[in-house]
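Visitor: Mind looking over this structure? Questions follow.
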Amino acid sequence: MEGGYLAVARLKKPHGLKGEVVLWSLTDEPDEVLAAGRELTPIDDAGIAIGEPVVIERSRPYHRQWLVKFEGIAERSVLEGWPRRVFGVLQSELRQPEQDELYVHEVPGARIVVDGADVGVARELMEMPNGGRLLVFDVEGKELLVPFQKPIVKRIDRSARLIELDPPDGLLEL
């Protein structure tokens, strides 16, 4: 991780006229990470701050996303100048992953293993509108997408940067 910040939310759009926004959560712990009082910093793809931090005044789940009000922002017009902004939190302020978990930025480059054999290399985790994720990886020059969930994801070894899959028959041949 280059910049020290981890992406935790992406601005989807302003909501209403009084300074609220709809955020896509990029964390498995949005209740904690997007809680009132939390400071979020706009970041670039490398995790480097690109703007002044904002503090969450209040937040709540909203149709699989989060409705957030920032302190000191009372008008929609301010938020309209923030298209596709990604917010981060210092890695040191977040719960560290267990051995069988990966941060999203650790997925690209991870080895993909099926039945003990390396089959490809992970490219990314793709967020789906329903809140699920797809693992995108290359196998012999072909892009494959598989649900990033158990039982398909059999095991993750963080120290080895390895994701072991147990795909249903035929899934890797599509």
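No lab work stands behind these numbers, since they all come straight from the coordinates. Computed from a predicted structure; not experimentally measured. Here the Cβ positions follow ideal geometry from the backbone for every residue, glycine too, while neighbour counts run over all protein chains shown.
Visitor: Please state the relative contact order of the chain as a whole percent: Cα pairs under 8 Å, 6+ residues apart? Show your work: numbers first, answer last.
Guide: Values: 354 pairs, mean separation 31.9, N = 174.
That works out to 18 percent.
Visitor: ³J(HN,Hα) across segment 73-86 via Karplus (A = 6.51, B = -1.76, C = 1.60, θ = phi - 60°), whole Hz, x for Gly/Pro?
Guide: 10, 10, 9, 4, 4, 5, 6, 5, x, 10, x, 6, 5, 10
Visitor: Using θ = phi - 60° and the Karplus relation 6.51 cos²θ - 1.76 cosθ + 1.60, list the HN-Hα couplings for segment 96-112 in order, rounded to whole Hz, with x at every Gly or Pro.
Guide: After applying 6.51 cos²θ - 1.76 cosθ + 1.60, I find 6, x, 6, 4, 9, 10, 10, 5, 4, 6, 8, 5, x, x, 5, 6, 9 Hz.
Visitor: For the ranges 25-35, 90-100, what's the packing order if you count other beta-carbon atoms within 10 Å of each residue, average per peptide, and put the highest first?
Guide: Put in order of decreasing packing, that is 25-35, 90-100.
Visitor: Calculated from DSSP H runs of 4 or more alone, at -39500 (n - 2.57) each and per residue, what is the 222 nm mean residue ellipticity of the chain, nearest 500?
Guide: -500 deg cm²/dmol
Visitor: Let me ask something else. With charges set only on the Cβ (+1 for Lys and Arg, -1 for Asp and Glu), what does the dipole of the chain come to about its Cα centre, in debye to the nearest 20? Provide the component values of the computation, followed by the final result.
Guide: Details: 22 positive and 31 negative charges, 151 e Å.
In debye, rounded to 20, the chain gives about 720.
Visitor: Using +1 at the Cβ of each Lys and Arg and -1 at the Cβ of each Asp and Glu in segment 80-129, identify which of Tyr103, Phe87, Val121 lies farthest towards the dipole's positive end.
Guide: Phe87
Visitor: Next question. Please say if segment 109-174 is rounded, prolate or oblate, where rounded means a/c under 1.5 for a ≥ b ≥ c the square roots of the C-alpha gyration tensor eigenvalues, and otherwise the choice is prolate for a/b larger than b/c and oblate otherwise?
Guide: Rounded shape, in that the Cα axes give a/c under 1.5.
Visitor: Now a separate question. Tally Lys and Arg at +1 and Asp and Glu at -1 over the other residues with C-beta under 12 Å from the C-beta of Glu124: what net charge comes out?
Guide: Around Glu124, the charge tally is -3.
Visitor: Moving to a separate point now. In angstroms, what radius of gyration and Dmax does the chain have, counting Cα atoms only?
Guide: Reported Rg and Dmax, both Å: 18.0, 55.
Visitor: Considering only Leu135, Pro167, Pro42, whose Cα is most displaced toward the positive end of the charge dipole of the chain, charges sitting on Cβ of Lys, Arg (+1) and Asp, Glu (-1)?
Guide: Farthest towards the positive end: Pro42.
Visitor: Kirkwood Rh over Cα pairs of segment 5-93 into Stokes-Einstein at 20 °C, 1.002 mPa s: D in µm²/s?
Guide: On the way: Rh = 12.7 Å.
It comes out at roughly 169 µm²/s.
Visitor: Out of Ile73, Ala9, His63, whose Cα points farthest toward the positive end of the dipole of segment 5-93 (charges: +1 Lys, Arg; -1 Asp, Glu; placed on Cβ)?
Guide: His63
Visitor: Distance between Cα centroids, segment 131-171 to segment 72-107: provide it in whole Å.
Guide: Their Cα centres are 24 Å away from one another.
Visitor: Follow-up. Would you mind calculating the relative contact order of segment 104-173 from Cα pairs under 8 angstrom and at least 6 residues apart, reporting the percent as a whole number?
Guide: 28
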